[in-house]
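Written out below as structure tokens is the structure these notes cover.
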Amino acid sequence: MKKTIIELKKADLTLGNAAATVHVLKGIDLSITMGESIGIVGPSGSGKSTLLMVLAGLERLDSGEIIINDTALHNLREDALATFRGQNIGIVFQSFHLIANMTALENVAVPLELANIKNPFDIAAKELQAVGLGDRLNHYPGQLSGGEQQRVAIARALAPSPDVLIADEPTGNLDGATGRQIADLLFAKQAERQMTLVLVTHDIALASRCSRQIKVRSGRIEPDDTSAEAHSAGATRA
């Protein structure tokens, strides 16, 4: 039986202040096992991106529990949470989030330096070669196409060898052909490294490539996608 690597228990979160408050996550329970690929889908405003930010350790719950790799993130102080995130969770954003005045090599290496990982530039070069950018190490983001920038972002996310890879609309800023190449790369790396992949997407075709889909609506996970029984039944029907 595969290990549970991510677990949410009664996760609750409200954002905003006074009249602008929004109850974004409403008592969510969710378990994800090692090596799964999860596609989180749902309409705009459903809470799916906030759920992803909670799973990435970038948003704090008001109440409930989040446990990743046997570590209770809700109990960690900010510095300990940042250290845990840097070592265990890789994050890929829709808009790349590269530092404009750093080369591709530096963008990948600097987070490794900050985490006190040995030989950061050697690791960064290897990761960039692994995503097909061995000849772009010294190029700046402005000299790279959108697809190449996302490859740099993926290399940066993979460099610390995380157990969990989080992707927020990873193909959202790319044309169809480039988006498919990036999706192929993400799933190939997930399979190669036996990581857990959790992604938010509006692209149903992309979500369908995942081993399981989680449908979020009005801050809750739709019941048919939360239980192992429902997932097994869906697999049987397929």
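The values are calculated or read from the model by the stated rules, or taken from the named source; none is laboratory data. Because the structure is predicted, anything quoted here is derived from the model rather than measured. Glycine gets a Cβ as well: all are built from the backbone with ideal geometry, and neighbour counts include every protein chain shown. Keep in mind that these areas ignore ligands, DNA and RNA; they rest on the heavy atoms of the full protein, side chains included. Shrake-Rupley method; radii C 1.70, N 1.55, O 1.52, S 1.80 Å.
Values for this structure:
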read-out: Residue count, the range 27-43 (criterion: surrounded by fewer than 17 Cβ atoms within 10 Å (Cβ to Cβ), within 18 Å of the chain's Cα centre (by Cα) and either at pLDDT below 95 or among the hydrophobic types (A, V, I, L, M, F, W, C) (or both)); value: 1
read-out: Meets criteria (open to solvent by 40 Å² or more (accessible area, probe 1.4 Å), within 26 Å of residue 187 (Cβ to Cβ) and of a type outside the set (A, V, I, L, M, F, W, C)) for residue 7; value: yes
read-out: Residue match in the range 1-17 (condition: without any contact (Cβ under 8 Å) to a residue 24 or more places away in the chain, closer than 23 Å to residue 196 by Cα and either out of contact with any helix residue (DSSP H, G or I) (no Cβ under 6 Å at 6 or more places or on another chain) or not β-branched (Val, Ile, Thr) (or both)); value: yes
read-out: Tabulated pairs, the range 165-189, first farther than 18 Å from residue 208 by Cβ, second among the basic types (Lys, Arg) and open to solvent by less than 20 Å² (accessible area, probe 1.4 Å), C-beta under 8 angstrom, 6+ apart or interchain; value: 165/189
read-out: Condition met for residue 24 (open to solvent by less than 30 Å² (accessible area, probe 1.4 Å), in a helix (DSSP H, G or I) and on the phi < 0 side of the Ramachandran plot); value: no
read-out: Options 187, 121; residue that is open to solvent by 60 Å² or more (accessible area, probe 1.4 Å) and farther than 25 Å from residue 67 by Cβ; value: 121
read-out: Conditions (1) farther than 25 Å from residue 34 by Cα; (2) surrounded by fewer than 17 Cβ atoms within 10 Å (Cβ to Cβ); number of the one not met by residue 147; value: (2)
